[in-house]
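Asks: Below you will find the structure I want to go over with you.
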Amino acid sequence: MIIAADIVLPLSREPIVDGAVAIEGDRIQAVGPRQEVLAASASRRVLDFGHAIVMPGLVNLHTHLEYTDMGPLNESRPFLSWIQGLVAASRKFSREDWSRSAKRGVRLLLEAGITCVGDIVTFGPGLEVALEAGLRGISYVEAVGLRGNDPHEQVADVEQRLRWAQTLAEGKNLKIGLSPHSVYTLSSKVLEELGRLANERQLPLAIHLAETQAECQLVGAGEGELAEALRRIGGHDLVSSRGRGISPVEHIWRSGLLDQKTLAVHCVHLSEADVALLSDAKADVVLCPWSNRLLQVGDAPTLRLWQERVRLGVGTDSLASNFGFDLFSEMRLLRSLCQRQAAVGSGAMPVPSARDLVQLATLAGAEILGLGGDIGSLEPGKYADIAVVRAPGLAIGDPYEYLVAQAVRSDILCTIIGGNITYLASKHGG
Ligand SMILES: [Zn+2]
């Protein structure tokens, strides 16, 4: 099969005008000017998208597919009331509900050109559905909960779910990781045990970190609205010990959970020392700018992280805290945050270019998931994971700029994973 369009954006080299990508089996065979690719390929099946950009499939580094149908929660509201609402609504969901919700999530991801995820699996069906769809990336088995306070029992339960997930994912496109939910929904003892488990098994680890000011107050001094809420439901060691006098980032570092396998999610409230610690530990950070806006938690110090060369990716978070899986609009918001942060900074502050931002949602995301050699750019030998974006009137200008400034998720015309067309906009169907 050959995919052709006005522009091919390989990421690994300059954009190709009137380009094409030849696919053989699940891999990319050739990338180049249309005539060259056509002449060199034996394939006669050409899908020509005309005024469009062919680019690597997008990488959404933070999702909770199972929460897709928690949609009514995604109105703008403060974090604490949101998470309490999420917990209450979750109690009413059956296994079938989670499965249906995750299926809709997968469909929406594919419609948005997303081929690779860092997905958090809380209940199980999300993994089954993502595997079935052939999504690539990492499914992180989540550990969450303060009840039944025997840490060994809690860790044994996680180990059992990890075994289940690893068996299910054997030979498939998704790897399995571990996600201790956060410092406030797990006791510090369990958190440490999970860090040890991840290290022993060399598991990639994702953790919600420094998302709210209340989390910082809890870890710092055992006070604030999160501490109050925890006290009402039975307490937390950070409340009873009046905190640790440190930041959430330092807390997970001291607990053995911060290293090059760590994906720190959100990272909104960081001190300069936290940024340095993340950078030194070679941890990765996933920025979720729209989710942060909706839950009114503040904006991440995106430019500082960028300048300190912390490896960054971008995620939408779940549709319980976002209106859609639109990585173009996340790129747009990241750019405006960087511009605003540069304006209040001192001296000349370079901001990420449009190309840098597109890279965050493709190659950089793939590298963070350990898949940089397989996906993230259009190169011969890599998997044919591709998104095609409608782009009328692109005869002039920079395609990266077009994607960051103009594109929306409904511009996706086609999504391909491993050479399989997983979504084709209706006017291109048949
Ligand atoms: Zn999340």
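Asks: Treating the angle as unsigned and between 0 and 90°, give the value, to the nearest 10°, between the Cα long axis of helix 327-344 and the longest Cα principal axis of the chain.
Replies: 70
Asks: Additional query: Nearest 5 is fine: what % of DSSP beta bridges in segment 1-67 come out antiparallel, could you say?
Replies: 70
Asks: Once the piece of chain linking R91 and R201 is laid out straight, how much longer is it, given 0.36 nm per residue of separation minus the C-alpha distance between them?
Replies: 36.5 nm
Asks: Here's something else I'd like to know. Sorted by packing (mean other beta-carbon atoms within 10 Å per residue), highest first, where do 403-412, 38-47 land? Walk me through the intermediate numbers first.
Replies: Values: 403-412: 19.3, 38-47: 12.9.
Descending packing order for the listed peptides: 403-412, 38-47.
Asks: Kirkwood Rh over Cα pairs of segment 242-316 into Stokes-Einstein at 37 °C, 0.692 mPa s: D in µm²/s?
Replies: Here the translational diffusion coefficient equals 261 µm²/s.
Asks: Give me C116, C338 sorted ascending by neighbouring Cβ count inside 10 Å, so fewest comes first. Display every interim value, and only then the final one.
Replies: Working: C116 29, C338 22.
Ranking C116, C338 by Cβ neighbours within 10 Å, fewest first, gives C338, C116.
Asks: Under Stokes-Einstein, with the Kirkwood radius over Cα pairs standing in for Rh, what whole-number D in µm²/s applies to segment 94-239 at 4 °C and 1.567 mPa s?
Replies: Details: Rh = 16.4 Å.
It diffuses with D of about 79 µm²/s by this estimate.
Asks: What FRET efficiency, computed as 1/(1 + (r/R0)^6) with R0 = 35 Å and r the Cβ-Cβ distance, is obtained for Q213 and D157, rounded to the nearest 0.05?
Replies: In this case the efficiency is close to 0.65.
Asks: Shifting gears a bit: Averaged over every viewing direction, what's the projected area of the C-alpha convex hull for segment 54-138? Give it in nm², one decimal, please.
Replies: Computed as one quarter of the Cα hull surface, the answer is 6.0 nm².
Asks: I've got another one for you. How much length would be gained if the chain were fully extended between A40 and R293, taking 0.36 nm per residue of separation minus their Cα-Cα distance, in nm to one decimal?
Replies: Working it through step by step, the gained length comes to 86.2 nm.
Asks: Which links in K92/K282; K92/K427; K172/K382; K282/K382; K103/K175 stretch past 28 Å when you go from one Cα to the other?
Replies: Beyond 28 Å: K92/K282; K92/K427.
Asks: In percent, what relative contact order does segment 58-368 have, based on Cα pairs under 8 Å that are 6 or more apart in sequence?
Replies: Averaging sequence separation for qualifying contacts and normalising by length gives 20 percent for segment 58-368.
Asks: Relative to the longest principal axis of the chain, what angle (0 to 90°, nearest 10) does the C-alpha long axis of helix 95-111 take?
Replies: Its long axis makes an angle of about 40 degrees.
Asks: Taking neighbour counts of Cβ atoms within 10 Å as a proxy for exposure, in what order, fewest first, do R335, R231, R309 appear? Each step should come with its number before you reach the end.
Replies: Numbers: R335 20, R231 14, R309 9.
Neighbour counts put them in this order, fewest first: R309, R231, R335.
Asks: Also, quick follow-up: So, in nm, how far is label S426 from label R100 when the simple model puts each one 7 Å beyond its Cα toward the Cβ?
Replies: Label at S426, label at R100, 2.3 nm between them.
Asks: Further, regarding this structure: Taking 1 over the mean of 1/r across every pair of different Cα atoms in segment 305-384, what Kirkwood radius in Å do you get?
Replies: Hydrodynamic radius (Kirkwood, Cα only) of segment 305-384 equals 14.1 Å.
Asks: Computed FRET efficiency, Cβ-Cβ of D150 and S241, R0 22 Å: what is it to the nearest 0.05?
Replies: According to the calculation, E is roughly 0.70.
Asks: At a 10 angstrom cut-off on C-beta neighbours, averaged per residue, how do the peptides 287-293, 248-254 rank from highest to lowest?
Replies: By packing density, highest mean first, the sequence is 287-293, 248-254.
Asks: Distance in nm between label sites at Q260 and K172, each 7 Å beyond Cα in the beta-carbon direction?
Replies: With each label point 7 Å from Cα toward Cβ, the separation is 2.9 nm.
Asks: Could you give the spread of the C-alpha atoms of segment 283-430 along their three principal axes, from largest to smallest, in whole angstroms?
Replies: Per principal axis, max minus min of the Cα coordinates gives 54, 37, 31 Å.
Asks: Would you mind checking the tilt of helix 188-201 against the longest principal axis of the Cα atoms of the chain, expressed as 0 to 90 degrees and rounded to 10?
Replies: Computed tilt is about 40 degrees.
Asks: Ok, one more. How are the Cα pair distances of the chain distributed, in percent, across 20 Å bins from 0?
Replies: Cα pair-distance distribution for the chain, in percent: 27, 57, 16, 1.
Asks: Would you grab the residues whose amide H sits under 5 Å from the one on V46? Only those 5+ places off in sequence or on another chain, please, with H modelled 1.01 Å from N.
Replies: Distant-sequence amide H within range of V46: I2.
Asks: Here is a follow-up. Short version: ³J(HN,Hα) in whole Hz for each residue of segment 256-267, in order, from phi by Karplus 6.51 cos²θ - 1.76 cosθ + 1.60 (θ = phi - 60°), x for Gly and Pro, what are they?
Replies: For segment 256-267, the Karplus curve yields x, 10, 10, 8, 6, 9, 8, 10, 8, 9, 5, 6 Hz.
Asks: I've got another one for you. Looking at the chain only, what percent of DSSP beta bridges run antiparallel? Nearest 5 please.
Replies: Details: 26 of 61 bridges.
Just about 45 percent of them are antiparallel.
Asks: Enumerate the amide H contacts of V314 below 5 Å, restricted to partners 5 or more residues apart or on another chain; note that Pro and chain-start residues carry no placed amide H.
Replies: L61, L287
Asks: Just to verify a number: FRET efficiency for S12 and K282, C-beta to C-beta distance, R0 = 30 Å, to 0.05?
Replies: For R0 = 30 Å, the calculated efficiency reads 0.85.
No lab work stands behind these numbers, since they all come straight from the coordinates. None of the values given here were measured: they were computed from a predicted structure. Positions of Cβ are backbone-derived with ideal geometry, glycine not excepted, and every protein chain shown enters the neighbour counts.
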